[in-house]
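The values are calculated or read from the model by the stated rules, or taken from the named source; none is laboratory data. Nothing here was measured: the structure is a model prediction, and the numbers come from that model. All Cβ positions, glycine included, derive from the backbone under ideal geometry; neighbour counts span all protein chains shown.
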Amino acid sequence: MFAEQKQQGEAARQELEEDVSREDIVAAFRLAMVDHFRSHIPGTNINESTLLASDYLNHFHELVMLLEALATDPDDFAEDLAAWRPLTYEEHFSFSGFRDKNLAIAAYRRAPQQTREAFDQAVERLHGEAVMVIAIIRSELASDDRSALPARCYQAGERLTVLIDAANAIAVGGDGAATDFGGE
């Protein structure tokens with residue numbers, strides 16, 4: 001009886017090896033990893049579908065708030081503006097006090113490829129706009145005539161907010177965010 005079961009097991013193993021390609025195994029492993037991350041996500045601020053944490057965008061919200069403060073009190077907030085730097089998703093969470101920062105970083109690395117690419121592109125636009133805004137506002141701060149500063153700060157904040165909202169829609173699964181689980 002035991003020999004017969006062993007032969008059946010060996011035959012099943014050979015059949016499995018013949019029917020399963022390396023790509024199938026890799027895809028199954030990736031799916032298992034995504035399922036593993038998803039099992040740890042409930043109760044966190046990480047989206048179960050996209051595997052992204054929109055908390056990252058708080059970094060840009062801080063810049064918008066800083067611009068609003070600069071509009072009313074430029075001398076007190078000019079140094080803060082000069083100190084603000086764009087941070088990548090992983091840098092932000094590495095430096096943050098976010099409770100689930102390691103999970104957020106690991107999940108980001110396994111986010112659905114199309115979703116992550118769309119999110120990274122949205123963040124790249126945010127970084128570009130932020131750097132440009134900071135340069136413009138710093139120029140205004142150095143000017144003898146600061147009369148246009150409040151309006152420029154509010155306009156810059158509005159432009160950043162539109163970009164933040166677009167990135168947030170991707171992070172929370174809006175705007176047709178992709179659901180393939182290729183990850184990196």
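Annotation: of all residues in the stretch 89-144 being within 16 Å of Ala167 (Cβ to Cβ) and among the basic types (Lys, Arg), the one that is surrounded by the fewest Cβ atoms within 10 Å (Cβ to Cβ) is Arg125.
Mind listing whichever residues of the stretch 71-121 are among the polar types (S, T, N, Q) and under 26 Å from Ala32 (Cα atoms)? The answer is Ser94, Asn102, Gln113, Gln114, Thr115. Taking the listed residues Ala166, Ala130, Ala135, Ala151, the one that is under 16 Å from the mean Cα position of the chain (by Cα) and either farther than 15 Å from Asp75 by Cα or part of a helix (DSSP H, G or I) (or both) is Ala166, with no other qualifying.
Consider the stretch 82-114 and keep the residues that are among the aromatic types (Phe, Trp, Tyr) and assigned to a loop (DSSP other than H, G, I, E, B). The one that is farthest from Glu140 (Cα to Cα) is Phe98. Within the stretch 49-81, being assigned to a loop (DSSP other than H, G, I, E, B) and either in contact (Cβ under 8 Å) with a residue 12 or more places away in the chain or among the polar types (S, T, N, Q) (or both) holds for Ser49, Thr50, Leu51, Leu52. Among the listed residues Glu62, Glu68, which satisfies the condition of being modelled with pLDDT of 65 or more, exposed (fewer than 13 other Cβ atoms within 10 Å of the Cβ) and either under 28 Å from Gly128 (Cβ atoms) or of a type in the set (A, V, I, L, M) (or both)? Just one listed residue meets the conditions, Glu62.
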